[in-house]
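Chemist: Pasting in a structure now, in structure tokens, and then I'll have a few things to ask.
The values are calculated or read from the model by the stated rules, or taken from the named source; none is laboratory data. All values reported here derive from a predicted model rather than from experimental measurement. Glycine gets a Cβ as well: all are built from the backbone with ideal geometry, and neighbour counts include every protein chain shown.
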Amino acid sequence: MEIHYVYIICCANDCLYTGYTKNIERRIATHNAGKGSRYTRAHRPVKLVAYWCFKTKRKALQVEYRIKQLSREQKLAIATGDAAPEWFGEHGA
């Protein structure tokens, strides 16, 4: 069974970036190598803030989309565990 990850990274300019991957370590390395998204390419290095595991790609992409709609403060609250929206459903990490 594949694991699907949603992650939040902090870029060098202190902005938070949310993404999806099936391999968290490789994806962070890709961002830091300048081969990730266009945004992170210009704002390296990046640091992993938080990640969550999901059983299906569909659920992971739904959560990624919802996180991207949140304010910085809300993203940080989720990342630190101070908030866990009901739409997260079952996840681990």
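The rows are residues; the columns are (1) touching a residue at least 24 places away in the same chain (Cβ under 8 Å); (2) surrounded by fewer than 14 Cβ atoms within 10 Å (Cβ to Cβ); (3) closer than 12 Å to Ile9 by Cα; (4) not polar (S, T, N, Q).
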residue: Thr21; (1), (2), (3), (4): no, no, no, no
residue: Thr30; (1), (2), (3), (4): no, no, no, no
residue: Lys47; (1), (2), (3), (4): yes, yes, yes, yes
residue: Glu64; (1), (2), (3), (4): yes, no, no, yes
residue: Gln69; (1), (2), (3), (4): no, yes, no, no
residue: Gly81; (1), (2), (3), (4): no, yes, no, yes
residue: Trp87; (1), (2), (3), (4): yes, yes, no, yes
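Chemist: Now for a different question. Please tell me if Ala42 is surrounded by fewer than 18 Cβ atoms within 10 Å (Cβ to Cβ), among the hydrophobic types (A, V, I, L, M, F, W, C), without any contact (Cβ under 8 Å) to a residue 40 or more places away in the chain and in contact with a Pro (Cβ under 8 Å, 6 or more places away or on another chain).
Modeler: no
Chemist: For the range 19-93, please list each of the helices (runs of 4 or more DSSP H) lying entirely inside it that holds at least 1 residues being among the small types (Gly, Ala, Ser) and farther than 23 Å from Glu2 by Cβ.
Modeler: Those helices (runs of 4 or more DSSP H) span 72-79.
Yes/no per residue for (1) modelled with pLDDT of 95 or more; (2) touching a Pro at 6+ places or on another chain (Cβ under 8 Å); (3) not basic (Lys, Arg):
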position: Ile8; (1), (2), (3): yes, no, yes
position: Lys22; (1), (2), (3): yes, no, no
position: Trp52; (1), (2), (3): no, no, yes
position: Lys68; (1), (2), (3): yes, no, no
position: Arg72; (1), (2), (3): yes, no, no
position: Ile78; (1), (2), (3): no, yes, yes
position: Pro85; (1), (2), (3): no, no, yes
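Chemist: Continuing with the same structure: Would you tally the residues in the range 13-27 being of a type outside the set (S, T, N, Q) and more than 21 Å from Leu70 (Cβ to Cβ)?
Modeler: Result for the range 13-27: 3.
Chemist: Could you list, in sequence order, all residues of the range 1-58 that are farther than 21 Å from Ala83 by Cα and among the small types (Gly, Ala, Ser)?
Modeler: Across the range 1-58, the qualifying residues are Ala12, Ala29, Ala33, Gly34, Gly36, Ser37, Ala42.
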